[in-house]
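Read the structure below first, then the notes.
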Amino acid sequence: MRDLLLSPLVQIVLLGMAGIITWHLQGRGRPTARLVTQIAFFVAMTAVLVANDIAPTQYQPVNSGSDYLLATAKLLWWMHLSWATIGFVRIYVVLDGRPREARMLQDLIVAAVYLGVTLSILAYVFGIAIGTLVATSGIIAIILGLALQSTLNDLFSGLALTLGRPYGIGDWILLSDGTEGRVVENTWRSTHILTSANNVVVLPNSYLAKIGLTNVSRPDESHQVMLPLRIRPTHSPGFVLEALRKAMLASNRTDRDHPPVVVLKRMDALALDIDLLFHVAHNAERVAARNEIADLVYRQCQAMGIALALPETATVLVNDATAAPPAPQTAEDLLQSSPVFEHLERSGIETIARGARLRRFEAGDPLPLGGAPALMIVRSGAVAGLQGENEGVRLGSGELLGRLGDADEPLDFKALTEVETFEIDRQALETALGDRPALRTTLANHIAWPTHPAKAESHLEHNGKSPSAFLRTIQHRFRRR
């Protein structure tokens, strides 16, 4: 028995079986321990082979029991070689931080290792003529290649995309055919894209390899959005461009690290063709930001007496060049367009408007609140609401701001651009509201966010502040005692 255990072939077989058992006992949750086990047992088996001049790459016919033992030892050695190599590849991919993007490349290497080890076992353990087998399999491969041409095209295109890395899992891509979305899965044959409509589009890799592709997520998630606009040329281009710029600065959904830009593309007797350019921090914010910018620009144009022009394809005959510009909005116009006062009768709106006084502020000026002016309505420009040194929200044309009661933590307001506001006298406001507790509550809840209730919360989240606490402070501050 002792002589049997001292036999190098028995030692190799025992090491091989022990390595398989230990490998399974490690479990799937310990890939590094599995790799160490595989390498350790493979090195030990190799050391026994080298010490006893046993060559696993030489075929020896099986004629006796010791020959069967030798074949078993070489078989186990080749198996441990493949497992150690595959384990190293998988650990490398994980440590490299690309476990999903490099999945196809990993599978290709694993398949190549298994194919090479299988051919080696057939040649060096069982003595099968590999040349004949390869020639036969080559003919079969040609037949299968012709039959699976489309599938193989997708496979190699997927491999090329994986190696080239034009996109990765989680990137937002835009294709030249109009398809856009976030890459959620990349397989051998296809790429899965989750669109903004919450649908998964499955595209063959061969199609993606040929079509134009824009990776919106690189170099970062910030994305520029363009909103085209046509303005009637009733004011100078400089006046119009500055008014639109002020309106865009009041946005809370755009990226403040990239100031908005107003581009005049063309000018003629009928219209000023303008592009509004702004950035969003994430691609998913594009629609909300476009809607907010469109609303801000529309209200600013109404306040400043700027009119939109008809599209170039319009067939209606209008003399835009000589048409008079619309009159700038009055305090009564702004009050009537505000959702806060939509249930207030016209006489009440007229009472408030009679107590309104137009004021102008330069960029950087504080907006005084408290005392006689209980409320302000922004006619034009952009205003920032500040709590201490932190900027909480921005306000544009038509929005309300005020201080209706005492506050422990008052919110201050500052002009970001040249600003025009209508100051509402406290006595006139009290007279118009009268005994209307519901209207008072509505006014308190809408001050600072009259048309965009979610504006402050979304922006505060973007700036790392607590929106719920901030909103509670505002609601408490405007609650009458």
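The values are calculated or read from the model by the stated rules, or taken from the named source; none is laboratory data. Since the model is a prediction, treat every value here as computed from it, not as a measurement. Because the Cβ atoms are built from the backbone with ideal geometry, glycine has one as well, and the counts that use them run over all protein chains shown. Ligands, DNA and RNA are excluded from the accessible area calculation, which covers all protein heavy atoms including side chains. Shrake-Rupley method; radii C 1.70, N 1.55, O 1.52, S 1.80 Å.
Remarks
- Among 26-33, 385-392, 359-366, the peptide with the highest mean count of other Cβ atoms within 10 Å heads the list, and the full ranking is 385-392, 359-366, 26-33.
- Net dipole in debye of region 1-89 [+1 Lys, Arg Cβ; -1 Asp, Glu Cβ; about Cα centre; nearest 20]: 400 debye
- Cα pair distances in region 212-321, grouped into 10 Å bins until the bin that holds the longest one, percent each: 14, 42, 29, 13, 2
- Charge dipole (region 190-315, unit charges on Cβ, about Cα centre) - positive-most of Gln224, Pro237, Pro259: Pro237
- Less than 5 angstrom separates the built amide H of Thr191 from those of Leu203, Asn205, all sequence-distant by 5 or more or on a different chain.
- Note on region 172-222: with charges restricted to the Cβ of Lys and Arg (+1) and Asp and Glu (-1), its dipole about the Cα centre is near 180 debye.
- Heavy-atom accessible surface of Phe126, to the nearest 10 Å², is about 120 Å², with a 1.4 Å probe and all protein chains retained.
- At R0 = 22 Å, FRET efficiency that the Cβ-Cβ distance of His282 and Thr214 yields, to 0.05: 0.85
- Percentage of interatomic Cα-Cα distances in region 198-262 larger than 14 Å: 74 percent
- Protection-proxy order for peptides 253-263, 209-219, each taking the mean of Cβ atoms within 10 Å per residue, highest first: 253-263, 209-219
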